[in-house]
Amino acid sequence: MKLIPLGRSGRFAAVDDADFSRVNRYRWRATRRGRKWYAMRTPRVAGHPTAQKRIYMHRFIAGDVGIIDHEDGDGLNNQRHNLRVATKAQNTANSDVSDRSESGVKNVRWNKANRKWIAYAKADQRCIHLGSFADLKEAAYAAHVASVVLFGEFANCNRDSSVGLDVVQRRAIDERVTARIRVRFPQRDTSGCM
């Protein structure tokens, strides 16, 4: 692994040794999208005096194969083992919790009317209500279970949410969530999640 400096930002992008010479030929800079940083360059478009195009380092390394997901969520880690082709839904599933989240937990919101935490999951352009919970940890765990069932290795939802829950609580939530997913998505395999 080698590091590529990103302009004057003081940030570096990690690349494999095999990609270093090809990537290091160009000047890269750090750019922020949301809360994540990425490496990018903006060469001029041939035949146009002012137009530029954006070339992201991870797409430069992986090639034009569709959406590229950073497995560890670090947009500056452009080593090949960390880059994988993904659908838009899988890439979204691997995203971090939104800055606008009132709970600070992915796929959990507060319901003022019944004064409980609502856990939900989104898949195939549908929102699935997973249940109402008095405890934020239980709601976070329900969202985590749904994410694992729906997105497998791309799931990045409240990974440490089971801390503080006993086995009985986890099993009850597992059964409740998988039952709801079976009803909404009968084609999905939910057998390996409990």
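The values are calculated or read from the model by the stated rules, or taken from the named source; none is laboratory data. Predicted model, so just to flag it, every value in this text is computed and none were measured. Positions of Cβ are generated from backbone atoms using ideal geometry, with glycine treated the same way; all protein chains shown enter the neighbour counts. Heads up: the accessible areas ignore ligands, DNA and RNA and are worked out on the full protein's heavy atoms, side chains in. Shrake-Rupley method; radii C 1.70, N 1.55, O 1.52, S 1.80 Å.
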**Q.** Hits in segment 74-108 - residues which are over 25 Å from Leu6 (Cα atoms) and not in a loop (DSSP other than H, G, I, E, B)
**A.** Ala86, Lys88, Ala89, Gln90, Thr92, Ala93, Val108
Q: Looking at (1) open to solvent by 60 Å² or more (accessible area, probe 1.4 Å); (2) of a type in the set (Asp, Glu); (3) assigned to a helix (DSSP H, G or I), find the lone condition where Asp19 falls short.
A: (1)
(Q) Restricting to segment 109-142, give me the number of residues that are in a helix (DSSP H, G or I) and among the basic types (Lys, Arg). (A) 1
Q) When you scan segment 58-71, how many residues do you find that are under 17 Å from Trp37 (Cβ atoms) and either modelled with pLDDT under 90 or buried (at least 18 other Cβ atoms within 10 Å of the Cβ) (or both)? A) 7
Q. Condition test on Asn78, is it open to solvent by 30 Å² or more (accessible area, probe 1.4 Å), touching a helix residue (DSSP H, G or I) at 6+ places or on another chain (Cβ under 9 Å), on the phi < 0 side of the Ramachandran plot and not acidic (Asp, Glu)?
A. no
Q. Is it the case that some residue within segment 156-175 is aliphatic (A, V, I, L, M), modelled with pLDDT under 85 and open to solvent by less than 90 Å² (accessible area, probe 1.4 Å)?
A. yes
Q: Look through segment 30-57, keep the residues that are touching a Lys or Arg at 6+ places or on another chain (Cβ under 7 Å) and part of a strand (DSSP E or B), and return whichever of them is surrounded by the most Cβ atoms within 10 Å (Cβ to Cβ).
A: Met40
Q) Quick check, is Arg126 touching a residue at least 24 places away in the same chain (Cβ under 8 Å), open to solvent by 80 Å² or more (accessible area, probe 1.4 Å) and under 19 Å from the mean Cα position of the chain (by Cα)? A) yes
Q.
If a residue must be over 17 Å from Gly66 (Cα atoms) and either among the β-branched types (Val, Ile, Thr) or more than 9 Å from the chain's Cα centre (by Cα) (or both), how many such residues does segment 89-103 contain?
A. 7
